[in-house]
Amino acid sequence: MPINDDMFEVELFSAGTWRIGARYDSAEAAKAEALRALEAGRNTLAVRVVSNTFDPATQVYKQVTILRRDRAAEDGKKAPSVNTPVDRKAMAERYEQRRSAVAKQRQAASRPAKRAKPRKPVSGVTKLCINTLCVALLIGILMTALNYIQTSLH
């Protein structure tokens, strides 16, 4: 979803990082969701609502925090604030890196498995021994069958 001037992000702070929880078209809906998430989430230490504005002259997105509530302040700690402009070119490079990494993973998954090494040819002596054992086994089976028939007739 592209970022535009009418987009408001609800960001949640937990486990030492900020993550985007939701995006809204109205500031009121985003603020209500942020407050609800702070009350409901056990692991959420802070919330903020950020409005993103693109400056075409500098080609940079500028984030402006319009709401911030902090559960960590009660413990004497404060969640970090990040309101620095985002470089559009750097964002595009990171996106391209992620996209190429996913493409490589998909390509690796679609490759056929490696073939087994070809077997060494069997020598003539080995073939002769195997054939001799098979013939001896067949002769033994036939002799046993004939002996059984002969004893059952008497």
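The values are calculated or read from the model by the stated rules, or taken from the named source; none is laboratory data. Quick caveat: nothing in here was measured; it's all calculated off a predicted structure. Cβ placement follows ideal geometry from the backbone for every residue including glycine, while neighbour counts extend to all protein chains displayed.
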### Message
Just to be sure I understand the filter: pairs with C-beta atoms under 6 Å, separated by 6 or more residues or on different chains, first member in the stretch 51-65 and under 18 Å from TRP18 (Cα atoms), second member in a strand (DSSP E or B) and of a type in the set (Lys, Arg). Which pairs pass?
### Response
THR65/ARG48
### Message
On the basis of being under 42 Å from the mean Cα position of the chain (by Cα) and either exposed (fewer than 10 other Cβ atoms within 10 Å of the Cβ) or in contact (Cβ under 8 Å) with a residue 12 or more places away in the chain (or both), does PRO121 make the cut?
### Response
no
### Query
Quick check, is ALA57 at pLDDT 85 or above and outside any strand (DSSP E or B)?
no
### Query
Within the stretch 85-138, which residues are among the basic types (Lys, Arg) and not in a loop (DSSP other than H, G, I, E, B)?
ARG88, LYS89, ARG94, ARG98, ARG99, LYS104, ARG106, LYS127
### Residue list for the stretch 20-50, filter: without any contact (Cβ under 8 Å) to a residue 40 or more places away in the chain, in a strand (DSSP E or B) and either of a type in the set (Ser, Thr, Tyr) or within 16 Å of MET7 (Cα to Cα) (or both)
ILE20, GLY21, ALA22, ARG23, TYR24, ARG48
### Task
Give the residue that is surrounded by the fewest Cβ atoms within 10 Å (Cβ to Cβ), with candidates limited to residues of the stretch 7-29 that are over 15 Å from ASN43 (Cβ atoms) and of a type in the set (A, V, I, L, M).
ILE20
### Subset of the stretch 23-33 (residues that are modelled with pLDDT under 90 and among the hydrophobic types (A, V, I, L, M, F, W, C))
ALA27
